[in-house]
Amino acid sequence: MYPYKQMPSTPEKKRGMIKNTLAENFGGPISKLGSHQFSLDECPDLTGKVAVVTGGSQGIGFGVAYTLLKHNLAKLYIISVSADVIEKAKATIAAELGQDKADRIIWKQCDLADWRRVKEVAEAIANDTDRLDILVNNSGRGIMNAQLTDYGVDRHMAVNHMGHVVLTSYLLPVMKKTAEQGNVVRISNQSSNAHKGAPADTKFASVAEINRDSGPNGQYGRSKLAGLLYTRYFDRNVTQKGHPNVLMNATHPGFVSTKQSTQDIHEPYPVSGYAMSYGMDPFKKSQFEGAVPTVFAVTTTKNSGQFICAPATPEEASEMAQSDELMENLMELTRNVVTEKTGGESVVSL
């Protein structure tokens, strides 16, 4: 699904590639240069549908949550960490969309690095609803220093990839049931063009490898590469094997003004981070502009296994993102690590 990106063969194609690259990464009028356009106003009516959004109380996740509710989503489960942040998000939605829309939110407190808790939350959601149409795997650790979780696993991989695999796996039965009733179920993984910054020697061969400090950009890039590989794995092993109406795609939002790019970046780069947090600020996308490819992926696309870059352009990923060997290594490592660290409470088999 990810043919390697060759240099364009004609001046016209080169111009098209440049325009798409600009549209993918920057906000305002520049985003209109992309070859595949989509706006949040084009989100279809979602009456009767149910969604789960991780990190849906701030940043891009809030932009997604807000848009889904604006278009009449029946019920929204938001998975996040902070009670204060979700209360502010609900207050904003009540003020701008009405109390009825805010009341459709059900908050589940969860750190995605705590896989036992992720399982509990997923099972609680599955027991609370008879359908699930949309799953947005959005929450993530940004460009920050290496850190281990309580399980002794790199936090970037634990949150950005493994926690979302656990969540998706335990929600999959209700999503399959929803699809079997004639609905299209859509899942998105928040990836990034920064996946190209994954260490060149990435093999996903062991915990020791992923725990090795590869620097802030390397840690982040590797976890975003994992999201792309998981997307291909899911498409191959679920969508193409009996569940054609359960779609999964990965997305790239571009440079977005969020907590990751305005605050977190200063942890690894106390001084030079200002180039990102302030120097790039005039060119960044808003949280709503950053939400566009995800909203497209979970409400509109009819394809699966794609890398959708802002605003809605299917793009080619890196050579590593195409590797079947890396894909299989990653998912085997994910199953083994989660099984070992949770005492046998493994990822549900896909």
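Below, the figures for the structure above:
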read-out	value
Residue identified as within 15 Å of the chain's Cα centre (by Cα) and aliphatic (A, V, I, L, M) among Met162, Met144	Met162
Among residues of region 131-155, those that are among the hydroxyl-bearing types (Ser, Thr, Tyr) and in a helix (DSSP H, G or I), counted	0
Qualifying residue in region 181-189 (condition: under 27 Å from Thr313 (Cβ atoms), at pLDDT below 95, more than 13 Å from the chain's Cα centre (by Cα) and not polar (S, T, N, Q))	no
Some residue of region 179-195 being buried (at least 24 other Cβ atoms within 10 Å of the Cβ), out of contact with any helix residue (DSSP H, G or I) (no Cβ under 6 Å at 6 or more places or on another chain) and in contact (Cβ under 8 Å) with a residue 12 or more places away in the chain	yes
Residue list for region 225-246, filter: of a type in the set (A, V, I, L, M, F, W, C) and either open to solvent by 10 Å² or more (accessible area, probe 1.4 Å) or not in a helix (DSSP H, G or I) (or both)	Val246
Some residue of region 211-224 being without any contact (Cβ under 8 Å) to a residue 40 or more places away in the chain, more than 16 Å from the chain's Cα centre (by Cα), surrounded by fewer than 24 Cβ atoms within 10 Å (Cβ to Cβ) and not in a helix (DSSP H, G or I)	yes
Contacts under 8 angstrom Cβ, first residue in region 46-64 being assigned to a loop (DSSP other than H, G, I, E, B), partner surrounded by fewer than 24 Cβ atoms within 10 Å (Cβ to Cβ) and of a type in the set (Lys, Arg), 6 or more apart	Lys49/Arg131; Ser57/Lys88; Gln58/Lys259
Residues of region 65-109 satisfying the condition of being assigned to a helix (DSSP H, G or I), over 22 Å from Arg131 (Cβ atoms) and not hydrophobic (A, V, I, L, M, F, W, C)	Asp84, Glu87, Lys88, Lys90, Thr92, Glu96, Gln99
Pairs, first within 20 Å of Ala291 (Cβ to Cβ) in region 125-154, second of a type in the set (D, E, K, R) and open to solvent by 10 Å² or more (accessible area, probe 1.4 Å), C-beta under 7 Å, six or more apart	Asp133/Lys49; Ile134/Lys49; Ile134/Arg186; Arg141/Arg155; Gly142/Asp264
Test set (1) open to solvent by less than 10 Å² (accessible area, probe 1.4 Å); (2) touching a Lys or Arg at 6+ places or on another chain (Cβ under 6 Å); (3) within 23 Å of Gly59 (Cα to Cα) - Val159 fails condition number	(1)
Meets criteria (farther than 21 Å from Lys341 by Cβ and charged (D, E, K, R)) for Arg104	yes
Criterion (within 17 Å of Asn329 (Cβ to Cβ), in a helix (DSSP H, G or I) and open to solvent by 10 Å² or more (accessible area, probe 1.4 Å)) met by exactly one of Ala208, Ala200	Ala208
Complete set of residues in region 108-132 that are over 17 Å from Met162 (Cβ atoms) and either among the basic types (Lys, Arg) or surrounded by fewer than 24 Cβ atoms within 10 Å (Cβ to Cβ) (or both)	Lys108, Gln109, Glu123, Ala124, Ile125, Ala126, Asn127, Asp128, Thr129, Asp130, Arg131
Residues within region 31-58 that are crowded, with 24+ Cβ neighbours inside 10 Å and at positive phi, tallied	1
Residue in region 89-105 that is more than 13 Å from Ser139 (Cα to Cα), under 21 Å from the mean Cα position of the chain (by Cα) and open to solvent by 30 Å² or more (accessible area, probe 1.4 Å) present	no
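The values are calculated or read from the model by the stated rules, or taken from the named source; none is laboratory data. It should be emphasised that the depicted structure is a prediction, and the values quoted were computed from it without experimental measurement. Note that each Cβ is placed from the backbone with ideal geometry, even for glycine, and that neighbours are counted across all protein chains shown. Accessible surface areas use protein heavy atoms only, side chains included; no ligands, DNA or RNA. Shrake-Rupley method; radii C 1.70, N 1.55, O 1.52, S 1.80 Å.
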